[in-house]
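Asks: Pasting in a structure now, in structure tokens, and then I'll have a few things to ask.
The values are calculated or read from the model by the stated rules, or taken from the named source; none is laboratory data. Bear in mind the structure is a predicted one, so any value in this text is a computation, not a measurement. With ideal geometry, Cβ positions are generated from the backbone for all residues, glycine too; neighbour counts draw on all protein chains shown. We work out accessible area using only protein heavy atoms, side chains counted, and drop any ligands, DNA or RNA first. Shrake-Rupley method; radii C 1.70, N 1.55, O 1.52, S 1.80 Å.
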There are 4 protein chains.
Amino acid sequence: MSAPVSVKDYENSAREKLPKSVWDYYSSGANNEQTLSDNCNAFSRYRLRPHVLNDVSKVNLGSSVLGTPIDFPVCIASTAMNKMAHPTGEIAVVKAAESMKIGYMQSTWATTSVEDITAAAPGAIRWLQLYIYKNREVTKQLVQRAERLGYQGIFLTVDTPILGKRYKDVKNNFSLPSHLSLENFKALDLKELHTVDGENGSGLAQMVAALIDPSLQWSDIAWLKTITSMPIVLKGIITGEMAKRAVKENVAGILVSNHGARQLDGVPATIDALREIVQAVDGKCEVYLDGGVRNGTDVIKAIAFGAKAVFIGRPVLWGLAHNGQEGVRHVLKMLREEFKTALQLMGCTSIEELQSGVNMVVPQSYFNSSL
Amino acid sequence: MSAPVSVKDYENSAREKLPKSVWDYYSSGANNEQTLSDNCNAFSRYRLRPHVLNDVSKVNLGSSVLGTPIDFPVCIASTAMNKMAHPTGEIAVVKAAESMKIGYMQSTWATTSVEDITAAAPGAIRWLQLYIYKNREVTKQLVQRAERLGYQGIFLTVDTPILGKRYKDVKNNFSLPSHLSLENFKALDLKELHTVDGENGSGLAQMVAALIDPSLQWSDIAWLKTITSMPIVLKGIITGEMAKRAVKENVAGILVSNHGARQLDGVPATIDALREIVQAVDGKCEVYLDGGVRNGTDVIKAIAFGAKAVFIGRPVLWGLAHNGQEGVRHVLKMLREEFKTALQLMGCTSIEELQSGVNMVVPQSYFNSSL
Amino acid sequence: MSAPVSVKDYENSAREKLPKSVWDYYSSGANNEQTLSDNCNAFSRYRLRPHVLNDVSKVNLGSSVLGTPIDFPVCIASTAMNKMAHPTGEIAVVKAAESMKIGYMQSTWATTSVEDITAAAPGAIRWLQLYIYKNREVTKQLVQRAERLGYQGIFLTVDTPILGKRYKDVKNNFSLPSHLSLENFKALDLKELHTVDGENGSGLAQMVAALIDPSLQWSDIAWLKTITSMPIVLKGIITGEMAKRAVKENVAGILVSNHGARQLDGVPATIDALREIVQAVDGKCEVYLDGGVRNGTDVIKAIAFGAKAVFIGRPVLWGLAHNGQEGVRHVLKMLREEFKTALQLMGCTSIEELQSGVNMVVPQSYFNSSL
Amino acid sequence: MSAPVSVKDYENSAREKLPKSVWDYYSSGANNEQTLSDNCNAFSRYRLRPHVLNDVSKVNLGSSVLGTPIDFPVCIASTAMNKMAHPTGEIAVVKAAESMKIGYMQSTWATTSVEDITAAAPGAIRWLQLYIYKNREVTKQLVQRAERLGYQGIFLTVDTPILGKRYKDVKNNFSLPSHLSLENFKALDLKELHTVDGENGSGLAQMVAALIDPSLQWSDIAWLKTITSMPIVLKGIITGEMAKRAVKENVAGILVSNHGARQLDGVPATIDALREIVQAVDGKCEVYLDGGVRNGTDVIKAIAFGAKAVFIGRPVLWGLAHNGQEGVRHVLKMLREEFKTALQLMGCTSIEELQSGVNMVVPQSYFNSSL
Ligand SMILES: Cc1cc2nc3c(=O)[nH]c(=O)nc-3n(C[C@H](O)[C@H](O)[C@H](O)COP(=O)(O)O)c2cc1C
Ligand SMILES: Cc1cc2nc3c(=O)[nH]c(=O)nc-3n(C[C@H](O)[C@H](O)[C@H](O)COP(=O)(O)O)c2cc1C
Ligand SMILES: Cc1cc2nc3c(=O)[nH]c(=O)nc-3n(C[C@H](O)[C@H](O)[C@H](O)COP(=O)(O)O)c2cc1C
Ligand SMILES: Cc1cc2nc3c(=O)[nH]c(=O)nc-3n(C[C@H](O)[C@H](O)[C@H](O)COP(=O)(O)O)c2cc1C
């Protein structure tokens, strides 16, 4: 294989390099994987309507998340258990993020602890993705460790009261390899993750059922605020109604996400859902998107619809699997470069200019209705 | 082949295990099989819009059909001649239904009699699917035998005055293997089913033409009521107009069905037709759906649109072909599990909650129109 | 290959039996063949909404064309040079039509003369498809020969002032085999048809350019009426505007046709265009359809939209290539049978009942708009 | 391979004949090549609604561009570096254009100088496609050389402040073969084009970044007018808003183009965008289209929507690669022939007649809305 020049190339490389059960775990989605392909395909249902003859010799790619500036509007979404992709795991990822000056969202289920991550990349913008455990004390301790280490926000995952049905994981009896562990919870007894009973098949699903709180509800946000002063972003909102409800709870942000199509198959593609959420929120909190972002024009579309930043999950894993930190860094550099190119070709010199344009991104149906 | 983890896996197994002519008979649809694929594909044209942060630690999956509670809203649709799939035939199926506490609809053309089925699974919820014979005395006797045996309802098939054109059956000169018989009619001379004349090709089509009454009409429902006090459901309604007409006859329910796409190719997918029927019926009788249901999110969609339950035909045959009662049971268990998972991920604790939500299931076009 | 049970089977058989250049000539369409596939695919964009519980024990399949009763509403469209498909050529076709009591439209470019056809099947309903020659005397003689022989109508082809671009014929340097001739014009010097110059490639295209009148215009219909008293049908109308114009000329009928997608690639599928034409004509003349009709439900759709009959082109050639008259007859019998089955399953006992129903055939979009 | 009879055939021939990196450079588009396929596919979303029975024995195919008559409305779009396709390069192309009496737009980056082109085909209609260099003196000299040589217009490319991302060129480290040079700029140091640094990959992208002015803006049109009196056409407008803005600058024409989908992936297909631009311009300047034109009906569609002419890029390269001038000429002849055929089959004798018709070209959705 020649050197990768696109996210797609990294994906192909990862497919070759990873053991099948790891590839399956990383790449697959829930049930029929309809939303999985829709997340990507939906981007191609929108059209760019560029300005021309605008001076684009100087462009500013910067944005910010929760008040912290980022160099360009692509951050890293939380993905569990990165050491399965490469021995350097989360450390490689956070260092790549640090070097590119964008944000890193760490998974609750990282194979590296919040302490080790902070030590490796103290200058990185770090956020903690949070699953709330039935055992609230465990939850509290994790949140407060992160806060003390300088994490700057909580991304509370709201789409996972239980784990989605992923046929391939069930088939593979997927479980975390025994030499790895969820480092944030060394104290907890996690044998569930390494053993699989015959009935259910997926070790991860069993762990979630055993440990994660399926009774999580809106009132728990208030509780979360009592244990931390970090800003709270809800990760996994996919409808305008829920966004409105979130605004009532005074959250700092909403990450429009369907968990990379791994939870409930059949939900809308995130780029399809984004607009109604931006409209519902009406500027009262920040909005981001993840799901299916694979090149610079995908970023343009989400930003044009009102997102402050997008997050990428799998592309980071593909880069990591290819060659560790360098791969992740190159994935980010390519996306930066492609976003810059696309922004210039849209005739815009900044995110603000893109967002203030009228009808710069439209659905394909725009062209029939204009008859 | 590894152990099946989805209905699709069972289908693949059945394709391998069954003789070609049986597989063809079970799997095929009328003419070009356009509606056959549409029945499944149509589900993927709808999108789920879940609630989040609702306490889903306890969920109630129960529903009811004709007043009888069922453990979860998936019942078994009538399919003819189950002993071709597995020697245990209908007995295996009804026992699986009994053990899962959902309803079993027996085909008029079962290879097991109503008496034997009742003896094997006396605790099962049993309904009789009815074809009305030209010989009304034959019809009357069957209905009354079923009623005496504790059957709780009649599903009168209204989409089969004659049999649909199924090219594969014609090609295969399909007929019931000579060692099997339609056990409900031992008295009748059914040589038609075992012999095929060169012209027409399908033995089943010839039997229908010989025995079934193509003059069946609305007024016959009144006649049916004179011979039984069981509630009557019309199976095979696919338009709002016909649903309105059915309500006038005071039927107890409507099963929105296109006979698994085996009768008239080109009719709408059942999930596409469901909404207009629910609207037309306006609560005046129960509404169910069958056709193309293959996983838990399909069930969610039908229930959200107002069905009290869905029925499955082919998935049962695939389970039966794989390994008899155990296969059928596992198919049902998977659907129960998937429905439960999907309900929780929709943020609902019961069917009532799902049905009272607004816009929780929408067509994909919803997202373009929201521009 | 097993015995054919569908038009598709006959098509597959013909593909195997015919020399490549003949298969290409018969099967191909203009340019990219977009309309060719659309003609068939468009049928599958419509949905049938059947009535149920109507007594369909007795059905009347009959219709009429230009006042002449036909046994069922499928007639034979003119296709040139049938002896390339089978030595019995047009004779086999007209005899099959005669035996099935439906109408036969003979091509101007038949490889059998009007006289021989009439002698072979004096009881057949015969119409003459007409190309108007630059030499009007030639035209006049042909029309008057046909009229004297008892032909009952003229189908004037209006979509062929010049021949469409068919890449395969150009590639094959297609021309009529030298042992065959266009029997209606023995007197004419037709060396053009047998020889091909290097530039243009298609012998047929050159013949059309040499002989057929590209200046044909609306006023010529009046001229045609001066030379014959047979009713005139315009073959090749595909828009409502042209249909309205045709009505002004007092034509007896309109055949909605795009010449089997062989003339102008990119025109609408005929079933898509039919409705606007029926609306435009508003009962002032008869309307028929040809193009892409391949099974009984296609016939249902065209009839439900207001056609009095449909015509088939290629299916006849496939039957002819398979085994002469018997093949054509079987194709017709299958379509009769399939149309009957579909009519009964629509809950209708006649064409009138089908046409007086409301929304019995609708586009797929009907189901989304009903939300 | 048999002799080519369509543009598609020439494309297949070129794919075989050209070195991979040249084929990739010529054929590829930006990023995912979504717009690349859309440019062609979009044409097939429109339907032709022909007139019939109009005398089409005499047709006038002529149009004009910037006041200069052309024999038929297909001209040659600028494509860089034609000598890679065939040693005769741009000379072969301009001679073919001259012989067919249509216009030739020369690329700034031709491998033949404006002087040599003029010498080879003094009778050809020549326009200069212009990239504006950071070094305005270079730009000025080129423009004025062209004007002195009798060039009749400037096509100022406005969609290329920087080069689009083309994965294949990056992968191939694409650069101009060392024996060729951009002949219009012999004076300039163009080592950039022949060497590629490891980071970026595409030599062309590096040259553009080094030499072309990304600060180009609306006010530069006024500057351009100070150095030439040739009419100015903006090449690369794809929205109505930009077209309106262009009209304000009193440009002579707009070429609706997305640079053959090589700049910003995700922009609309040109035929989709054309209508809104024609509407916006409202007759105040000429409008042309390029992108995806591959046969005569594509031309019909663009002309019917208001274009005065279409331009072709890749088809010329395919013809050139096949056999030099003869290939280009044959491509043009085929398109002329196909356009003529299509015009006649539309029932029109001239472009004016086509453009004055109502609804002669419509989107496919037209047929559903007419229900
Ligand atoms: C392998 C994998 C593991 C993931 N683990 C988590 C997780 O632990 N917590 C979480 O909130 N989201 C998790 N996600 C979801 C991601 O945060 C993100 O929403 C998604 O990957 C974005 O879609 P993309 O992969 O198409 O970019 C995971 C996704 C993947 C692919
Ligand atoms: C092999 C087979 C046999 C069937 N036999 C009958 C029958 O005897 N009576 C009847 O009313 N429906 C019959 N049906 C239709 C089913 O009751 C049901 O409507 C259909 O199978 C549901 O679609 P599904 O198979 O996609 O789940 C049959 C279906 C199949 C596949
Ligand atoms: C091989 C072939 C030859 C044809 N020859 C003629 C012809 O001579 N005159 C004519 O009006 N139409 C001719 N047609 C068009 C047919 O009359 C008819 O419109 C068309 O075949 C209907 O479409 P179908 O083939 O999809 O059924 C021809 C069609 C085919 C396929
Ligand atoms: C290989 C190639 C090179 C091109 N070079 C130029 C160029 O130098 N300047 C320019 O304005 N457009 C250039 N174009 C764009 C063409 O002028 C034109 O817009 C496009 O090719 C039309 O699309 P088509 O190739 O589908 O016909 C190039 C296109 C191709 C395919």
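Asks: Can you tell me which of B:Cys75, B:Cys40 is within 11 Å of ligand 2 (Cβ to nearest atom) and within 14 Å of chain A (Cβ to nearest Cβ)? Steps first, answer last, please.
Replies: Numbers: B:Cys75 fails: within 14 Å of chain A (Cβ to nearest Cβ).
Sole residue among the options that is within 11 Å of ligand 2 (Cβ to nearest atom) and within 14 Å of chain A (Cβ to nearest Cβ): B:Cys40.
Asks: Does D:Ala261 meet the test of being buried (at least 24 other Cβ atoms within 10 Å of the Cβ), on the phi > 0 side of the Ramachandran plot and within 14 Å of chain A (Cβ to nearest Cβ)?
Replies: yes
Asks: Let me ask something else about it. Anything in region D:292-305 that is within 14 Å of chain A (Cβ to nearest Cβ) and either β-branched (Val, Ile, Thr) or open to solvent by 10 Å² or more (accessible area, probe 1.4 Å) (or both)? List them, or say none.
Replies: Residues satisfying the conditions are D:Ala304, D:Phe305.
Asks: Identify all residues within region C:323-339 that are at the interface with another protein chain (Cβ under 8 Å from one of its Cβ atoms) and either surrounded by fewer than 18 Cβ atoms within 10 Å (Cβ to Cβ) or within 30 Å of B:Tyr366 (Cβ to Cβ) (or both); write none if there are none. Break it down stepwise before answering.
Replies: Just the residues of region C:323-339 that are at the interface with another protein chain (Cβ under 8 Å from one of its Cβ atoms), to begin with: C:337-338.
Listed by number, the list holds a single entry, C:Glu337.
Asks: Restricting to region D:197-243, name every residue that is open to solvent by less than 40 Å² (accessible area, probe 1.4 Å) and assigned to a loop (DSSP other than H, G, I, E, B).
Replies: Correct list: D:Gly201, D:Ser202, D:Asp213, D:Pro214, D:Ser215, D:Leu216, D:Trp218, D:Thr228, D:Met230, D:Ile238, D:Thr239.
Asks: Restricting to region B:225-243, and then to whatever is more than 21 Å from the chain's Cα centre (by Cα) and of a type outside the set (Val, Ile, Thr), can you tell me which residue is farthest from the other protein chains (Cβ to nearest Cβ)?
Replies: Only one residue fits best here, namely B:Ser229.
Asks: Of all residues in region C:90-105 being touching a residue at least 40 places away in the same chain (Cβ under 8 Å) and open to solvent by less than 10 Å² (accessible area, probe 1.4 Å), which is farthest from C:Asn295 (Cα to Cα)?
Replies: Step by step, filter region C:90-105, then rank; the result is C:Ala92.
Asks: Quick one: count up the residues across region C:246-267 that are touching a Phe, Trp or Tyr at 6+ places or on another chain (Cβ under 6 Å) and farther than 16 Å from C:Lys235 by Cβ.
Replies: The qualifying residues number 0.
Asks: Could you list all residues from region C:217-246 that are touching a residue at least 40 places away in the same chain (Cβ under 8 Å) and either in contact with a Ser or Thr (Cβ under 9 Å, 6 or more places away or on another chain) or acidic (Asp, Glu) (or both)?
Replies: Those that are touching a residue at least 40 places away in the same chain (Cβ under 8 Å) and either in contact with a Ser or Thr (Cβ under 9 Å, 6 or more places away or on another chain) or acidic (Asp, Glu) (or both): C:Asp220, C:Leu224, C:Ile227, C:Leu234, C:Lys235, C:Gly236, C:Ile237, C:Ile238, C:Gly240.
Asks: Is it the case, given these coordinates, that C:Val59 is modelled with pLDDT of 95 or more, within 14 Å of ligand 3 (Cβ to nearest atom) and not charged (D, E, K, R)?
Replies: Considered against the rule, which asks whether it is modelled with pLDDT of 95 or more, within 14 Å of ligand 3 (Cβ to nearest atom) and not charged (D, E, K, R), C:Val59 comes out as no.
Asks: Could you grab the pairs with beta carbons closer than 8 Å, sequence gap of 6+ or different chains, first residue in region A:169-183 and more than 12 Å from every other protein chain (Cβ to nearest Cβ), second one among the basic types (Lys, Arg)?
Replies: A:Leu180/A:Lys83
Asks: Can you tell me which residue among A:Asp189, A:Asp169 is of a type outside the set (Ser, Thr, Tyr), modelled with pLDDT under 95 and open to solvent by 20 Å² or more (accessible area, probe 1.4 Å)?
Replies: Sole residue among the options that is of a type outside the set (Ser, Thr, Tyr), modelled with pLDDT under 95 and open to solvent by 20 Å² or more (accessible area, probe 1.4 Å): A:Asp189.
Asks: Oh, and also: Based on this model, can you work out whether B:Leu66 counts as at positive phi and aliphatic (A, V, I, L, M)?
Replies: It is true that B:Leu66 is at positive phi and aliphatic (A, V, I, L, M).
Asks: Does C:Leu53 count as touching a residue at least 40 places away in the same chain (Cβ under 8 Å) and on the phi > 0 side of the Ramachandran plot? So that I can check it myself, show each step before the final result.
Replies: On the way: touching a residue at least 40 places away in the same chain (Cβ under 8 Å): yes; on the phi > 0 side of the Ramachandran plot: yes.
In short, yes.
Asks: Please go through region C:45-66 and give me each residue that is open to solvent by less than 20 Å² (accessible area, probe 1.4 Å) and of a type in the set (A, V, I, L, M, F, W, C), ordered by number.
Replies: C:Leu48, C:Val52, C:Leu53, C:Val56, C:Leu61, C:Val65
Asks: Does A:Leu354 count as assigned to a helix (DSSP H, G or I), farther than 18 Å from A:Lys101 by Cβ, modelled with pLDDT of 95 or more and more than 11 Å from chain D (Cβ to nearest Cβ)?
Replies: Yes.
Asks: Among (1) touching a residue at least 40 places away in the same chain (Cβ under 8 Å); (2) in a strand (DSSP E or B); (3) open to solvent by 10 Å² or more (accessible area, probe 1.4 Å); (4) not charged (D, E, K, R), where does D:Pro69 come up short?
Replies: Of (1) touching a residue at least 40 places away in the same chain (Cβ under 8 Å); (2) in a strand (DSSP E or B); (3) open to solvent by 10 Å² or more (accessible area, probe 1.4 Å); (4) not charged (D, E, K, R), only one is false for D:Pro69: (1).
Asks: Separate question: Restricting attention to region B:222-238, does a residue exist that is modelled with pLDDT of 95 or more and over 23 Å from B:Gln106 (Cα atoms)?
Replies: No, region B:222-238 contains no residue that is modelled with pLDDT of 95 or more and over 23 Å from B:Gln106 (Cα atoms).
Asks: Restricting to region B:118-167, give me the number of residues that are small (Gly, Ala, Ser) and not in a loop (DSSP other than H, G, I, E, B).
Replies: Counting residues in region B:118-167 that are small (Gly, Ala, Ser) and not in a loop (DSSP other than H, G, I, E, B) gives 3.
Asks: Can you tell me which residues in region B:7-57 are hydroxyl-bearing (Ser, Thr, Tyr) and under 25 Å from A:Thr270 (Cβ atoms)?
Replies: Looking only at region B:7-57, we keep the residues that are hydroxyl-bearing (Ser, Thr, Tyr), and these are B:10, B:13, B:21, B:25-28, B:35, B:37, B:44, B:46, B:57.
Residues satisfying the conditions are B:Ser44, B:Tyr46.
Asks: Right, something else. Go over the candidates C:Ala243, C:Ala261 one by one and state the one that is more than 16 Å from ligand 1 (Cβ to nearest atom), closer than 30 Å to C:Asn173 by Cβ, out of contact with any Pro (no Cβ under 7 Å at 6 or more places or on another chain) and modelled with pLDDT of 95 or more.
Replies: Just a single option satisfies the conditions, and that option is C:Ala261.
Asks: Tell me whether region C:265-276 contains one or more residues that are open to solvent by 10 Å² or more (accessible area, probe 1.4 Å) and either among the β-branched types (Val, Ile, Thr) or closer than 16 Å to C:Cys75 by Cβ (or both).
Replies: There is no residue in region C:265-276 that is open to solvent by 10 Å² or more (accessible area, probe 1.4 Å) and either among the β-branched types (Val, Ile, Thr) or closer than 16 Å to C:Cys75 by Cβ (or both).
Asks: Okay, moving on. For A:Ala246, work out the one condition from (1) assigned to a helix (DSSP H, G or I); (2) open to solvent by 30 Å² or more (accessible area, probe 1.4 Å) it doesn't fulfil.
Replies: Unmet condition: (2).
Asks: Give just the number: which of (1) at the interface with chain A (Cβ under 10 Å from one of its Cβ atoms); (2) in contact with a His (Cβ under 6 Å, 6 or more places away or on another chain) does B:Ala342 not satisfy?
Replies: The number of the failed condition is (2).
Asks: With respect to B:Arg126, is the statement that it is within 14 Å of chain A (Cβ to nearest Cβ) and touching a residue at least 24 places away in the same chain (Cβ under 8 Å) true?
Replies: On the way: within 14 Å of chain A (Cβ to nearest Cβ): no; touching a residue at least 24 places away in the same chain (Cβ under 8 Å): yes.
Judged against the criteria, B:Arg126 is not a match.
Asks: Among the numbered criteria (1) under 28 Å from B:Gly29 (Cβ atoms); (2) at pLDDT below 95, which single criterion is violated by B:Asn135?
Replies: Only one criterion in (1) under 28 Å from B:Gly29 (Cβ atoms); (2) at pLDDT below 95 is unmet by B:Asn135, namely (1).
Asks: Condition first: more than 18 Å from B:Arg314 (Cα to Cα), modelled with pLDDT of 95 or more and either in a loop (DSSP other than H, G, I, E, B) or within 16 Å of ligand 3 (Cβ to nearest atom) (or both). Can you find one or more residues in region B:94-108 that meet it?
Replies: yes
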